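One structure below.
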Amino acid sequence: MASQLERQMQELIRPVSEQEVSRYLRKVIRTLGTEGVEVRSTAAKGKGLYATEDFNDGEVLLKEPPFVAGQHALNRSKAVVCANCFRFLGSVELQIAWHLLCDKYEGQPIVPDINLLKQLQASKSHLPGSEKFSLPAPVECPGHCQHEIFCSPMCAQTAWESHHRLLCDGGSQSARGEARLSGSISHVVVPAKAAALAAFREHADATNDIFHLAAKVVAGTLLDAESVLEQYPAHGNETAEEANWRALRTAWQPIAAGFKAIWWKSVALPEDVFDEDDFRANLKDLASQSLGLLKNCLFDPRFPALFCLDVYGSIIGMFELNNLDVVVASPVEDFFLMIDGLPAASKVEAEKLTGPLLDALDKSYDTPCEGTAFYSLQSCINHSCDPNAQALKGDDDIDGQAVIVVKKPIGKGDEITISYIDELMPYKQRQEALRDYGFTCSCKVCLEERGTAASRPASSMNAAPQASSDSEEDDEDDD
């Protein structure tokens with residue numbers, strides 16, 4: 001007979017009803033103030049996003065901040081951004097100096113004048129025309145840690161309340177406050193917890209950025225569950241254990257609504273891997289190591305099911321199957337384009353200072369902020385190789401919001417689709433790329449190209465995209 005912990009774990013990872021998903025996503029749509037779209041479910045595709053009014057080419061369908069997101073570890077040395085909304089911070093001078101100084105420490109070529117870089121970083125020296133590219137001043141973490149900075153007190157507080165106060169290793173107890181309930185989560189960082197957080201971060205940086213996102217989800221769920229208990233403590237005949245489980249189920253709702261599968265079971269097998277069992281066992285071991293390190297930081301005995309390996313694996317799997325790249329264009333690119341467009345005499349004078357910097361940056365001068373994110377509503381949009389919408393940011397989109405724009409006219413009642421991959425690739429390459437999302441595409445384009453490839457004479461098949469096996473599933477992803 002299954003233990004109570006195992007039953008709770010199974011309930012957290014099982015798919016929830018369409019009614020529960022729809023109820024949560026309607027709440028998301030209302031919160032965003034989005035009009036003209038709704039989430040529906042079909043037997044063939046699962047949930048999808050549909051238009052409730054007509055849309056014309058170029059119209060913005062959706063702008064949605066991420067439910068959870070993170071900057072790639074390797075990108076942190078290239079772009080100084082808000083840890084909550086991913087806006088670039090400080091100044092053009094700070095961005096250039098940070099990039100080149102980090103390159104210096106990584107042994108890469110660098111502009112010879114190190115003193116100039118330090119002056120630029122400290123705002124003691126300025127580049128011509130940089131005042132045209134105003135960026136928000138960095139705001140430190142409320143807990144005074146050295147790992148996160150923000151564009152505003154609002155972003156700092158949003159991150160603090162949603163997850164960061166449990167993942168912060170700063171020493172400010174006053175910012176954290178005292179525990180409001182005798183059994184509530186401690187927000188005071190002791191040396192042992194700081195060391196545990198450092199160990200978790202180092203492991204995630206060295207292995208997979210996705211563990212950072214999973215930690216934010218676990219921390220956020222703990223905080224939400226605690227909030228539920230504060231508002232609705234055990235009552236009547238309800239035991240403390242029953243109240244804790246009720247609070248955890250309530251806090252889990254946003255994750256429950258996402259399309260999930262356990263990471264090591266669902267990730268596509270790379271072409272160069274021949275021992276599938278060993279590959280999946282290694283992924284499971286990696287997740288187990290990460291979870292063990294996270295438990296050293298965050299484990300709460302009131303909510304043990306949240307720290308089960310399969311639950312952690314389902315959180316990671318949700319990202320694997322639904323993640324969208326976060327890309328925010330760098331103001332440094334626009335700055336150098338401005339310099340290049342100056343009148344000849346002014347350009348020559350400006351380039352005396354900016355030229356060596358651009359040479360040192362070389363091809364990486366336009367490196368954007370890059371990361372990955374999960375968006376509750378965007379993740380409902382199904383794939384098509386002939387999509388009627390696309391993720392496309394305009395010049396005014398300077399943060400990590402997902403922006404979905406109409407690619408061709410969409411009628412009321414039509415399903416909204418985007419391409420998860422480069423839809424211009426040949427059929428076989430598209431299907432290979434889509435394996436990472438766990439499905440075989442059966443959109444109109446793929447069905448036509450599959451039929452064309454299958455009908456070709458055998459002598460011509462080597463020069464053409466190969467047809468998929470008839471045994472493959474034809475349903476599109478229901479994320």
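The values are calculated or read from the model by the stated rules, or taken from the named source; none is laboratory data. Bear in mind the structure is a predicted one, so any value in this text is a computation, not a measurement. Because the Cβ atoms are built from the backbone with ideal geometry, glycine has one as well, and the counts that use them run over all protein chains shown. Side chains included, ligands, DNA and RNA excluded: accessible areas come from the protein's heavy atoms. Shrake-Rupley method; radii C 1.70, N 1.55, O 1.52, S 1.80 Å.
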* Asked: What lysines sit close enough to K428 to cross-link, taking a C-alpha to C-alpha distance under 17 Å and skipping anything fewer than 8 places away on the same chain?
  -> K444
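If eta is 0.890 mPa s and T is 25 °C, what Stokes-Einstein diffusion coefficient results for region 306-425, Kirkwood Rh from Cα pairs, in µm²/s? Walk me through the numbers on the way to the answer.
Working: Rh = 17.9 Å.
Answer from the Stokes-Einstein relation: 137 µm²/s.
Could you work out the Rg to Rh ratio of region 68-325, with Rh taken as the Kirkwood radius (inverse of the mean 1/r over all Cα pairs)? Mind dumping the intermediate values first?
On the way: Rg = 20.9 Å, Rh = 20.5 Å.
Rounded to two decimals, Rg over Rh is 1.02.
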* Structure fact -> Here, trypsin sites (Lys or Arg not before Pro) of region 53-142 satisfying both criteria (DSSP loop; at most 16 other Cβ within 10 Å) are K124
* Asked: Which whole-percent values make up P(r) of the chain when all C-alpha to C-alpha distances are grouped in 20 Å steps starting at zero?
  -> 20, 51, 27, 2, 0
* Taking a 23 Å limit on the Cα-Cα distance, which of the listed pairs K27/K393; K63/K408; K78/K118 fall beyond it? -> K27/K393
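So what's region 1-105 giving for Rg/Rh, alpha carbon basis, Kirkwood Rh from the mean inverse pair distance? Could the numbers behind the result be given before it?
Numbers: Rg = 21.4 Å, Rh = 18.5 Å.
Using only Cα positions, Rg/Rh for region 1-105 is 1.16.
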* **Per residue solvent-accessible surface (Å²) - the chain, probe of 1.4 Å** => 49 Å²
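Could you tell me what percent of the accessible area of the chain is made up of carbon and sulfur, with a 1.4 Å probe and every protein chain present? Provide the component values of the computation, followed by the final result.
Values: 11820 of 23330 Å².
Accessible surface attributable to carbon and sulfur in the chain totals 51 percent.
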